[in-house]
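Let me begin by presenting the structure, written as structure tokens, before commenting on it.
The values are calculated or read from the model by the stated rules, or taken from the named source; none is laboratory data. Just so we're clear, the structure is a prediction, and the values are computed from it rather than from any experiment. Heads up, the Cβs are rebuilt from the backbone with ideal geometry, glycines too, and the neighbour counts pull from every protein chain shown. Side chains included, ligands, DNA and RNA excluded: accessible areas come from the protein's heavy atoms. Shrake-Rupley method; radii C 1.70, N 1.55, O 1.52, S 1.80 Å.
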Amino acid sequence: GETQDRAVQSVVSAWSNSDPQGAAAWVAAFPEGKNRENACRTLVQQWAQQDPTGVVGWLGRLPAGASREAAVGAFVDSTSYQEPELAARWAETMTDENQRNHRLENAVRQWLSQDPDAAQQWIATSSLPEAAKTRLLSRPR
């Protein structure tokens, strides 16, 4: 129930600070469902702050599904400011179009402020809708 879910999230949060790969192995064994989605989200939020590269390896091995979507969304949210290019590339792998476009725009806005030339080149060939591309490319820097 809800108490168990909160307990799991608490364990994942604490464990992912000290041993994110161990926590990731535990979370990966959960059956698909809300508990796993929340655990993936919590794990990635913590782990991405410490070791974005380590998280990427784990994300790449997660099977498609709601838990992967939750994990990738958490990764994009956690890395958009420090690593916007990496965040944008991962946001593009999301299957939910609304979530993908929302997270892409957030990451790309940050990327435009850090490296406008690279971000503009990437926007031109991205999967973003034309209206979003126009909005991003026409905003003042």
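Mind checking the stretch 28-101 for chymotrypsin sites (Phe, Trp or Tyr not before Pro) that DSSP puts in a loop (not H, G, I, E or B) and that have at most 16 other Cβ atoms within 10 Å? Write out the running numbers ahead of the final one.
Working: sites: TRP47, TRP58, PHE75, TYR81, TRP90; in loops: TYR81.
Of the chymotrypsin sites (Phe, Trp or Tyr not before Pro), the ones in loops of the stretch 28-101 whose Cβ has at most 16 other Cβ atoms within 10 Å are TYR81.
Each peptide in 17-29, 120-132 receives the mean, over its residues, of other Cβ atoms within 10 Å, and ordering these scores from highest gives 17-29, 120-132. By accessible area, using a 1.4 Å probe on protein heavy atoms only, the stretch 1-129 has 48% of its surface on carbon and sulfur. Computed about its Cα centre, the charge dipole of the chain is approximately 180 debye, with only Lys, Arg, Asp and Glu carrying charge at their Cβ.
Could you tell me the ratio Rg/Rh of the chain? Both radii from Cα atoms, Rh via Kirkwood.
Details: Rg = 16.0 Å, Rh = 15.6 Å.
When Rh is taken as the Kirkwood radius, the ratio is 1.03.
Neighbours of TRP122, meaning other residues whose beta-carbon lies under 9 angstrom from its beta-carbon, give a summed charge of 0 when Lys and Arg score +1 and Asp and Glu score -1.
Per-residue accessible area (protein heavy atoms, 1.4 Å probe) orders LYS34, LYS133 as LYS34, LYS133, starting from the largest.
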